[in-house]
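**Q** Below you will find the structure I want to go over with you.
The values are calculated or read from the model by the stated rules, or taken from the named source; none is laboratory data. From a predicted model like this one, the values you see are computed outputs, not experimental measurements. Here Cβ is always computed from backbone atoms with ideal geometry, including for glycine, and neighbour counts include all displayed protein chains. For accessibility, only protein heavy atoms count, side chains too; no ligands or nucleic acids. Shrake-Rupley method; radii C 1.70, N 1.55, O 1.52, S 1.80 Å.
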Amino acid sequence: MARRPRRYPPLPEGLYKLLRVIIRFLARLLTRLHIEGVEHVPASGACILVSNHLSYMDSPINFAATPRVIHVLAGEKYEHHLLFGPLLRVAGAVFIRRGEVDRKALRQALAILEDGHCLGMAIEGTRSRTGGLIQGKTGAAYLATRADVPLVPVAIWGTDKIGAALKRFRRADVYVRYGKPFRLPPGHARTAQLDQYTDEIMVTLASMLPEEYRGIYCDHPLLTQKLAQLRSSS
């Protein structure tokens, strides 16, 4: 019987878990790491962990905090990076070309979800240079609707302060907050629908972040509604 062709990069689970222990130790040593809502991460089954992106340290911190194995979606420029390249390959990274529709990477990401794994991605597609949320990309909405899997929002902040704190021989407070999983309507969504769904994801992340990190979504009408709902339910 012919072996089924590999549809996405391998993830060496034993090495992954060992590396996570090491990174978690370093994260606890170099920062004051606060993790909230980890019970919202499904213990099994396909899902997409979708996060904001403030710093190069976001991925290692998320890697250390999340209790299950995550395949990551990463920019192609990191594939041959001296430090991040090997680390991302241990995380079974799918490297995607920015600024274009990378169909090969999207097929690999969908295959990961089809096989019941967890996919992690930064919805903005690149690191924020402003210190707050920037315009979200539609990739997360596209994958969630095509694969019909839940999205788990992950708000990360304080990573932008790690370097400055270490220079003063101090530890920065770093926060990882997981929100409740939610689903988008499944199917082949059009561009306008994907834009709308992306706004919903971004506003969810904004509602989980301190005001100073909400960036361009700070005054979004959907955020006002969501915050009012959260206040009324608390």
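**Q** Going through region 29-42 one residue at a time, which ones are open to solvent by less than 80 Å² (accessible area, probe 1.4 Å), part of a helix (DSSP H, G or I) and over 17 Å from I70 (Cα atoms)?
**A** L30
**Q** Right, I70: free of Cβ contacts under 8 Å to residues at least 60 places away in the same chain and in contact with a Cys (Cβ under 9 Å, 6 or more places away or on another chain) or not?
**A** In short, yes.
**Q** Right, here's the next one. Could you tell me whether region 113-128 includes any residue that is surrounded by fewer than 18 Cβ atoms within 10 Å (Cβ to Cβ), closer than 21 Å to E79 by Cβ, under 17 Å from the mean Cα position of the chain (by Cα) and of a type in the set (D, E, K, R)?
**A** Checked region 113-128: at least one residue is surrounded by fewer than 18 Cβ atoms within 10 Å (Cβ to Cβ), closer than 21 Å to E79 by Cβ, under 17 Å from the mean Cα position of the chain (by Cα) and of a type in the set (D, E, K, R).
**Q** Assess whether G45 counts as being out of contact with any helix residue (DSSP H, G or I) (no Cβ under 8 Å at 6 or more places or on another chain), surrounded by fewer than 16 Cβ atoms within 10 Å (Cβ to Cβ), on the phi > 0 side of the Ramachandran plot and in contact (Cβ under 8 Å) with a residue 60 or more places away in the chain.
**A** So G45 passes the test.
**Q** Being open to solvent by 30 Å² or more (accessible area, probe 1.4 Å), among the hydrophobic types (A, V, I, L, M, F, W, C), in a loop (DSSP other than H, G, I, E, B) and on the phi < 0 side of the Ramachandran plot is true for just one of L15, L26, L11, L87. Which residue is that?
**A** L11
Table: residues versus (1) at pLDDT 95 or above; (2) of a type in the set (V, I, T); (3) within 20 Å of the chain's Cα centre (by Cα); (4) more than 21 Å from I61 (Cα to Cα).
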{"site": "R146", "(1), (2), (3), (4)": "yes, no, yes, yes"}
{"site": "V149", "(1), (2), (3), (4)": "yes, yes, yes, yes"}
{"site": "V176", "(1), (2), (3), (4)": "yes, yes, yes, no"}
{"site": "H188", "(1), (2), (3), (4)": "no, no, no, yes"}
{"site": "A192", "(1), (2), (3), (4)": "yes, no, no, yes"}
{"site": "P210", "(1), (2), (3), (4)": "yes, no, yes, no"}
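**Q** Just the residues that are outside any loop (DSSP other than H, G, I, E, B) and open to solvent by 40 Å² or more (accessible area, probe 1.4 Å), please, taken from region 61-84.
**A** E76, K77, Y78, F84
**Q** Return the residues of region 77-104 that are within 16 Å of the chain's Cα centre (by Cα) and small (G, A, S); say none if nothing qualifies.
**A** If the condition is that a residue be within 16 Å of the chain's Cα centre (by Cα) and small (G, A, S), then A91, G92, A93 are the ones that fit.
**Q** Please verify whether K167 is in contact (Cβ under 8 Å) with a residue 24 or more places away in the chain and surrounded by fewer than 19 Cβ atoms within 10 Å (Cβ to Cβ), treating the condition exactly as stated.
**A** no
**Q** Cβ-Cβ below 9 Å, separation at least six or inter-chain, first residue in region 98-111 and modelled with pLDDT of 95 or more, second in a helix (DSSP H, G or I): which pairs?
**A** From residues that are modelled with pLDDT of 95 or more, the pairs are A109/G139; A109/L143; A109/A147; L110/L143; L110/R146; L110/A147.
**Q** Got a number for residues in region 48-60 being open to solvent by less than 60 Å² (accessible area, probe 1.4 Å) and more than 21 Å from I201 (Cα to Cα)?
**A** Qualifying residue count, region 48-60: 1.
**Q** May I pose another question? For P60, which of the numbered conditions (1) over 16 Å from the mean Cα position of the chain (by Cα); (2) free of Cβ contacts under 8 Å to residues at least 60 places away in the same chain fails to hold?
**A** So the condition that P60 fails would be (1).
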